[in-house]
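All remarks here apply to the structure that follows.
The values are calculated or read from the model by the stated rules, or taken from the named source; none is laboratory data. Source: prediction; values computed, not measured. Don't worry about glycine lacking a Cβ; one is built from the backbone with ideal geometry, like all the others, and counts go over all protein chains shown. Protein only, heavy atoms only, side chains kept; ligands, DNA and RNA dropped before computing areas. Shrake-Rupley method; radii C 1.70, N 1.55, O 1.52, S 1.80 Å.
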Amino acid sequence: LTVLREPMELVVSLWRFFPPIRGIDYNLISQETFYRFIKMMGLIEEAIHRYADWWEHRLSPNVLLLFFDDLKSDLDGSVRR
């Protein structure tokens, strides 16, 4: 089971989630600066590779690939799949 999210939405979510873990108000860091930071750390490339790996196995009987937007719009229907 894995959930994929539109990449830029993932970046925005990380931007709001990650700095507070370190005790930093995310509003003090621009989205562009944060994007450059996670790109420099290789997180963007890693996410793309992970998406591609899961996509390759999406038709396997033991894999359930869900999309975040589908879960937001129809949680019950997505989970029952």
Quiz prompt | Stretchable slack from Glu9 to Trp55, in nm (0.36 nm times residue separation minus alpha-carbon distance) | solution = 14.7 nm
Quiz prompt | Whole-Å semi-axes of segment 1-47's equivalent ellipsoid (Cα gyration tensor) | solution = 19, 13, 10
Quiz item: At 25 °C and 0.890 mPa s, what whole-number value in µm²/s does Stokes-Einstein give for the translational diffusion of the chain, with Rh from the Kirkwood sum over Cα pairs?
Solution: 171
Quiz item: On full extension of the chain, what length is gained from Glu32 through Asn62, given 0.36 nm per residue of separation minus the C-alpha to C-alpha distance?
Solution: 7.0 nm
Quiz prompt | Relative contact order (%) - criterion: Cα under 8 Å, at least six apart; region: the chain | solution = 43
Quiz item: In the neighborhood of Leu75, defined by Cβ-to-Cβ distances under 13 Å, what is the net charge if each Lys or Arg adds +1 and each Asp or Glu adds -1?
Solution: -1
Quiz item: Can you tell me the accessible area per residue over the chain, all protein chains present, probe 1.4 angstrom, in square angstrom?
Solution: 79
Quiz item: For segment 16-28, in order, what is each residue's ³J(HN,Hα) by Karplus, 6.51 cos²θ - 1.76 cosθ + 1.60 with θ = phi - 60°, in whole Hz (x at glycine and Pro)?
Solution: 7, 8, 5, x, x, 4, 8, x, 10, 5, 4, 5, 7
Practice problem: Go through 70-77, 34-41 and give me the packing order, highest mean Cβ count within 10 Å leading. | Solution: 34-41, 70-77
Exercise. For the chain, find the longest principal axis of its Cα atoms and tell me its angle to the long axis of helix 43-56, 0 to 90°, nearest 10.
Key: 0
Exercise. Please work out the FRET efficiency for the pair Ile44 and Arg81, using the Cβ-Cβ distance as r and a Förster radius of 30 Å; give the result to the nearest 0.05.
Key: 0.60
Quiz prompt | the chain, accessible surface, carbon-and-sulfur percent (1.4 angstrom probe) | solution = 58
